[in-house]
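Trainee: Got a structure here, written out as structure tokens. Questions coming.
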Amino acid sequence: MGAAFVSARQGAGVSPGAVAEVFAGLRGAVPLVHCLTNVVVSQFTANMLLAAGAAPAMVHSAEEAGALARVAGGVLVNLGTVTSLTAEAMRVAVKAAAGAGRPWVLDPVGVGPLPWRTGLAHELLESAPPAVVRGNPSEILALDGGSGGRGVDSTDAPEAALAAATALARRYGCVVAVSGPVDVLTDGERVVRLANGHPLLPLVTGTGCALGALVAACAAVTDDALLAAAAATSVLNVAAEDAADGCAGPGSFAVALIDGLYALGPDRLAEAVNVR
Amino acid sequence: MGAAFVSARQGAGVSPGAVAEVFAGLRGAVPLVHCLTNVVVSQFTANMLLAAGAAPAMVHSAEEAGALARVAGGVLVNLGTVTSLTAEAMRVAVKAAAGAGRPWVLDPVGVGPLPWRTGLAHELLESAPPAVVRGNPSEILALDGGSGGRGVDSTDAPEAALAAATALARRYGCVVAVSGPVDVLTDGERVVRLANGHPLLPLVTGTGCALGALVAACAAVTDDALLAAAAATSVLNVAAEDAADGCAGPGSFAVALIDGLYALGPDRLAEAVNVR
Amino acid sequence: MGAAFVSARQGAGVSPGAVAEVFAGLRGAVPLVHCLTNVVVSQFTANMLLAAGAAPAMVHSAEEAGALARVAGGVLVNLGTVTSLTAEAMRVAVKAAAGAGRPWVLDPVGVGPLPWRTGLAHELLESAPPAVVRGNPSEILALDGGSGGRGVDSTDAPEAALAAATALARRYGCVVAVSGPVDVLTDGERVVRLANGHPLLPLVTGTGCALGALVAACAAVTDDALLAAAAATSVLNVAAEDAADGCAGPGSFAVALIDGLYALGPDRLAEAVNVR
């Protein structure tokens, strides 16, 4: 439904210092992050959460997803390889998280060209508002009613999805984070732009999906979902900048990224965050 | 049904230059490769496709596999961890690919000792001829009616499977690629032998499965399925040769293989391909 | 039902030399290990089994799990991401393994806070006694009737789970291996403590799950399940000690661990094993 461009204040409250504080809070709290994510990225996601200081748990059954969501610090729902079986677990987890006041994060992988999951994404959004929706520009445009890209690719720039992101944020009372060379995040009023990252990131499968999990981890330690999304985005992207030196390609970069995230401290994060 | 040995011409049209041209074409086209593959290798497969220059998409649900197959450049069906749920998605994807004129590739992992998937493999082959079947010698022998090995292991040499490969290729009008120290590929008439590779390859899980995905990527950019299979085989095996130097074992080799594939250029490929 | 502390003899028969002999036997036999394990760790598990010298096979369907279990050297059942679909395959595999006299290993990931899988674990244990149950202290306490931890985390020390481990071992006639900084293993009479390992191990997802697979591999080559569990534990933990030097964090450590396991020989193992 791509609404007209919405004027917005700059991102009040999202400063390098606030981002670093959330990250320090995560390291102190070791939040349990319940990931209903895709099979391609689950190992990488778990290792990234561990390196960040969170405790990952992947439970995919409808019989159990509710019990875990109720005790988790945050819940991630990633549609990458969803099937009828795991869709049911997602429905259960979202309702349980909402009932227990736990933040949940939607990563609408592939929404747009694939009608079944597009319907599922809308159903989940209607059943309980998420804290954050994190996607690439095509997915955010599609979720707002556009035609969408061709899967996990992003064929649009984040800035082009800002109006759609703002409309979604207002409709569901959530934050929408659009990933790209410059990430654009909004809660429907405030807009934050973050310019960290590295060109090797999209060449490693699951970096965007791991970001969704990091958002859920950060949302477990702050009530400000925009700050949570900004902190997670910065953590990933600054770790990527630190990791890229001396990497021969995406294989060694994926390894160095986990090491870089593990080595990252709140002070280094505050120093390197590029908020615009 | 192991037919008698079939005399065949040398592989006309499969030269180092032609192989390099397909690889350059892949890099230019960035084909979308829809992988219905097993959960063990899906991360590695996606990273290998990205390093090669393709765009991976893994969608496992019967509700969506058709929609994606119709727009993909190529479709991979790998039976490794197939269940009744994903088998249905495979049926849908194969029919959709065939209806849309998209090449599909079968990797018959474990066919032989496991009757259920052996039946599924035959059902899929009968429903629509694949562009390429890629397997190890035991799997190819079993698919042609032999007794098969004990899973992903290959207990037979590729050359021993040539008659079975030729019979299958003629029955289904497809190419059959048999992996081993010397890979043997045939379209039922032409036979190509490729002698690149490295002994560490079978010590990394998913290298054969990633090859199936690379075959689907190459089949998206050439109509000559034998050339596509030869190009993918060479791309993997030359990258492995380039990667192996200085690796302490299969862990570092798996990382270096992704880097090596990312760094590989068509010129280096043409220079290193060992066609026999 | 946490029984009172049970006095036990020191682990007769579990010496560094015996452990090394089992590892040498594994390298010679290349046992097929059928893993019904979770999707997060299946790639890492397969690579660890290959590096150790075993042959991994992951088959998740009820249609096939029995056929593979009957011919496998050992079977691993890991509950990490179990669903109603894979639970059925686990039931079939356990019965088939028992019927064919093959050892099976239970890794009760997440048992305790998640009632559905706790019931499944008990159902499987009742259907056929396993050779070994391998878990963290919280899982072992929960399996014996305690309240359990919060998923894959271990919030109790192995020594605190010894009474529960002993009770379980006696109830099912199996070995129970409790992982931690000092691993505690018992067959209900003998107790073995192993003090190898490295603090980076719990920061890599799947190291405990890979240990379950290595236990199944060792159980394929010795009838003494306590020795099998001790050998697998030592193999993992000594490889970890060898791998940790020079690692910048958990990303590079995970890679070095596979290399270290590949490079590990029985002599080095015998020299480094720290049995208490």
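Trainee: Condition check: of a type outside the set (S, T, N, Q), open to solvent by 10 Å² or more (accessible area, probe 1.4 Å) and more than 17 Å from residue A:106 (Cα to Cα). Does residue A:208 satisfy that? Quick ask: steps written out before the conclusion?
Mentor: Working: of a type outside the set (S, T, N, Q): yes; open to solvent by 10 Å² or more (accessible area, probe 1.4 Å): yes; more than 17 Å from residue A:106 (Cα to Cα): no.
In short, no.
Trainee: Of the residues that make up region A:46-59, is at least one without any contact (Cβ under 8 Å) to a residue 24 or more places away in the chain, touching a helix residue (DSSP H, G or I) at 6+ places or on another chain (Cβ under 9 Å) and more than 30 Å from residue A:20 (Cα to Cα)?
Mentor: no
Trainee: Test residue A:199 against the stated conditions and say whether it is at pLDDT 95 or above and either touching a Lys or Arg at 6+ places or on another chain (Cβ under 9 Å) or within 14 Å of chain B (Cβ to nearest Cβ) (or both).
Mentor: Details: at pLDDT 95 or above: yes; either touching a Lys or Arg at 6+ places or on another chain (Cβ under 9 Å) or within 14 Å of chain B (Cβ to nearest Cβ) (or both): yes.
Answer is yes for this residue.
Residue-wise test of (1) without any contact (Cβ under 8 Å) to a residue 60 or more places away in the chain; (2) more than 14 Å from every other protein chain (Cβ to nearest Cβ); (3) closer than 30 Å to residue A:253 by Cβ.
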{"site": "C:191", "(1), (2), (3)": "no, yes, no"}
{"site": "C:206", "(1), (2), (3)": "no, no, yes"}
{"site": "C:228", "(1), (2), (3)": "no, yes, no"}
{"site": "C:240", "(1), (2), (3)": "yes, no, yes"}
{"site": "C:244", "(1), (2), (3)": "yes, no, yes"}
{"site": "C:251", "(1), (2), (3)": "yes, no, yes"}
{"site": "C:258", "(1), (2), (3)": "no, no, yes"}
{"site": "C:265", "(1), (2), (3)": "yes, no, no"}
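Trainee: Of all residues in region B:236-248, which are on the phi < 0 side of the Ramachandran plot and over 21 Å from the mean Cα position of the chain (by Cα)? Outline the logic, then answer.
Mentor: First pass over region B:236-248, keeping only residues on the phi < 0 side of the Ramachandran plot: B:236-245, B:247-248.
If the condition is that a residue be on the phi < 0 side of the Ramachandran plot and over 21 Å from the mean Cα position of the chain (by Cα), then B:244, B:245, B:247, B:248 are the ones that fit.
Trainee: Now for a different question. Tell me the residue from B:128, B:165, B:121, B:157 that is aliphatic (A, V, I, L, M) and modelled with pLDDT under 95, please. Even if it seems obvious, please write down each step before you answer.
Mentor: Values: B:128 fails: modelled with pLDDT under 95; B:165 fails: modelled with pLDDT under 95; B:121 fails: modelled with pLDDT under 95.
Result: B:157 is the single residue among B:128, B:165, B:121, B:157 that is aliphatic (A, V, I, L, M) and modelled with pLDDT under 95.
Trainee: Could you list, in sequence order, the residues of region C:223-235 that are open to solvent by 10 Å² or more (accessible area, probe 1.4 Å) and within 15 Å of the chain's Cα centre (by Cα)?
Mentor: Selection gives C:224, C:225, C:227.
Trainee: Does residue B:26 qualify as being in a helix (DSSP H, G or I), facing chain A (nearest Cβ under 10 Å), within 27 Å of residue B:191 (Cα to Cα) and open to solvent by less than 10 Å² (accessible area, probe 1.4 Å)? Quick ask: steps written out before the conclusion?
Mentor: Working: in a helix (DSSP H, G or I): yes; facing chain A (nearest Cβ under 10 Å): no; within 27 Å of residue B:191 (Cα to Cα): yes; open to solvent by less than 10 Å² (accessible area, probe 1.4 Å): yes.
No; evaluated as a whole, the condition is false for this residue.
Trainee: Follow-up. Where in region A:30-144 are there helices (runs of 4 or more DSSP H), lying fully within it, with 2 or more residues that are within 13 Å of another protein chain (Cβ to nearest Cβ) and open to solvent by 20 Å² or more (accessible area, probe 1.4 Å)? Let's see the steps before the verdict.
Mentor: Working: elements: A:42-52, A:65-71, A:84-99, A:115-127, A:137-143.
Answer list for region A:30-144: A:42-52, A:65-71, A:84-99, A:115-127.
Trainee: Please go through region B:73-103 and give me each residue that is closer than 22 Å to residue B:261 by Cα and among the small types (Gly, Ala, Ser), ordered by number.
Mentor: Taking region B:73-103 first, the residues closer than 22 Å to residue B:261 by Cα are B:73-76, B:78.
Correct list: B:73, B:74.
The values are calculated or read from the model by the stated rules, or taken from the named source; none is laboratory data. Note that the structure is predicted; figures quoted are calculated from it, not measured. With ideal geometry, Cβ positions are generated from the backbone for all residues, glycine too; neighbour counts draw on all protein chains shown. Heads up: the accessible areas ignore ligands, DNA and RNA and are worked out on the full protein's heavy atoms, side chains in. Shrake-Rupley method; radii C 1.70, N 1.55, O 1.52, S 1.80 Å.
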